[in-house]
Amino acid sequence: FNETDLNMSHSYIKAIDMAADSSYSEFGIAANMLPLHISLLHPPLYRVYLLKWLYQFGRAAKDKLRYSEVQVPREEVKTYQLYLKAVERIKYTFFIWDSSFLISLINDINFFYKISIINLEEILMLKQEIIGLLDTIRYYADYGKFDSTGNKVEVYISILNFDTSYSYLLGDNISISMSSAYSLGAFTSQEKDSCEEMKQWIMGLKKSSVLISGASEREKIRFFNEQREILEKRLIIEEDYL
């Protein structure tokens, strides 16, 4: 990222901090890919999204791209650490995931493996990271809060698919709505009416979604067993070709 990108990121973090200082704050996220907060908790998976962005829109020659060479700059790491701390100060956060989010991630990894941008050792490492990701989601589903602040977190799984990722942020004197552009970045509006419209749309998604936070143990076990089966069946490993 260049200096302009970092300045925009710092402005966004400042807005999150302003919302967090409110008497009440709310962050709603409907995502067809891993939300930024979750992907940053699993840097190897975040690097897959960076790789995808470089492959689609970067200037580097595609035949020279390698997952091993995709690194997050130190300054960007510091910025995202600030982002994580800011988000966890929000009073209420909820994630609604497209039910096919894991399939999309696995398909990306498989594609880069097939064209030798990701190697066998790396794909096995990413498999373990996805297992860790499911453990993270399970933790939020079980405890429903951020450890660092105790603020409320809810996890929903949408039965319906949606075409991109959307979010809104509300505080006493701040309203921000966002829709993702490609795999990184977002179109952002600070208009109160736009934020309210985005909130209503995302809240409507809850009607076609399953809340797995606080759900019965049987429901949670079923969901996470399904995700592990998807991982085992869909992720390519060398043995598939032997």
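Just the number, please: carbon plus sulfur as a percent of the accessible area of segment 85-242, 1.4 Å probe, no ligands or DNA/RNA counted.
The nonpolar share, carbon plus sulfur, comes to 50 percent.
Quick query: amide H of Ser209 versus all other amide H atoms, modeled in the peptide plane; which residues come in under 5 Å with a sequence gap of 5 or more or a different chain?
Ile159
Any lysines with Cα under 24 Å of the Lys64 Cα? List them, leaving off those in the same chain fewer than 8 positions away.
Result set, ordered by chain and number: Lys52, Lys114, Lys127.
How long is the gain from Glu196 to Gln71 if the chain were fully straight, where each residue apart is worth 0.36 nm and the alpha carbon distance is subtracted?
Between Glu196 and Gln71, full extension yields an extra 41.3 nm.
Nearest 500 deg cm²/dmol is fine: what mean residue ellipticity at 222 nm does the chain get from its DSSP H runs of n ≥ 4 alone, each adding -39,500 (n - 2.57), divided by its residue count?
Rounded to the nearest 500, the figure is -16500 deg cm²/dmol.
For a 20 Å ceiling on Cα separation, which of these pairs sit above it: Lys145/Lys233; Lys14/Lys91; Lys145/Lys220; Lys91/Lys199; Lys152/Lys192?
Over 20 Å apart, Cα to Cα: Lys145/Lys233; Lys152/Lys192.
Which order do peptides 164-177, 113-126 fall in by mean Cβ count within 10 Å, highest first?
164-177, 113-126
When the Cα centres of segment 116-178 and segment 38-100 are compared, how far apart do they sit, in Å?
12
Can you give me the long-range amide H partners of Trp97? Hydrogens built in the peptide plane at 1.01 Å from N, cutoff under 5 Å, separation of 5 or more residues or another chain.
Ala31, Tyr156, Ile157, Ser158
Mind checking segment 44-97 for trypsin sites (Lys or Arg not before Pro) that DSSP puts in a loop (not H, G, I, E or B) and that have at most 11 other Cβ atoms within 10 Å?
Of the trypsin sites (Lys or Arg not before Pro), the ones in loops of segment 44-97 whose Cβ has at most 11 other Cβ atoms within 10 Å are Arg59.
Per residue of segment 38-52, in order, report the coupling 6.51 cos²θ - 1.76 cosθ + 1.60 (Karplus, θ = phi - 60°) as ³J(HN,Hα) in whole Hz, putting x for Gly and Pro.
6, 5, 5, 6, 10, x, x, 6, 4, 5, 5, 5, 4, 4, 4
Hey, what angle do you get for helix 217-234 against the long axis of the chain, alpha-carbon based, 0 to 90 degrees rounded to 10?
40
Explain nothing, just compute: Karplus ³J(HN,Hα) = 6.51 cos²θ - 1.76 cosθ + 1.60, θ = phi - 60°, for every residue of segment 144-160 in order, whole Hz, x for Gly and Pro.
Along segment 144-160, the couplings run x, 7, 7, 4, 5, 10, x, 6, 6, 10, 10, 10, 10, 10, 7, 6, 8 Hz.
Mind putting together the pair-distance distribution for segment 1-56? All Cα pairs, 10 Å bins, whole percent per bin, short to long.
Spelled out per bin, shortest first, that is 19, 38, 36, 7, 0.
Taking only protein heavy atoms and a 1.4 Å probe, what accessible area per residue, in Å², does segment 76-123 have with all protein chains in place?
Value for segment 76-123: 38 Å² per residue.
The values are calculated or read from the model by the stated rules, or taken from the named source; none is laboratory data. Remember, predicted model here, so these are calculated numbers, not experimental data. Here the Cβ is made from the backbone with ideal geometry for all residues, glycine too, and neighbour counts use every protein chain on show. Only protein heavy atoms, including side chains, enter the accessible area calculation; ligands, DNA and RNA are left aside. Shrake-Rupley method; radii C 1.70, N 1.55, O 1.52, S 1.80 Å.
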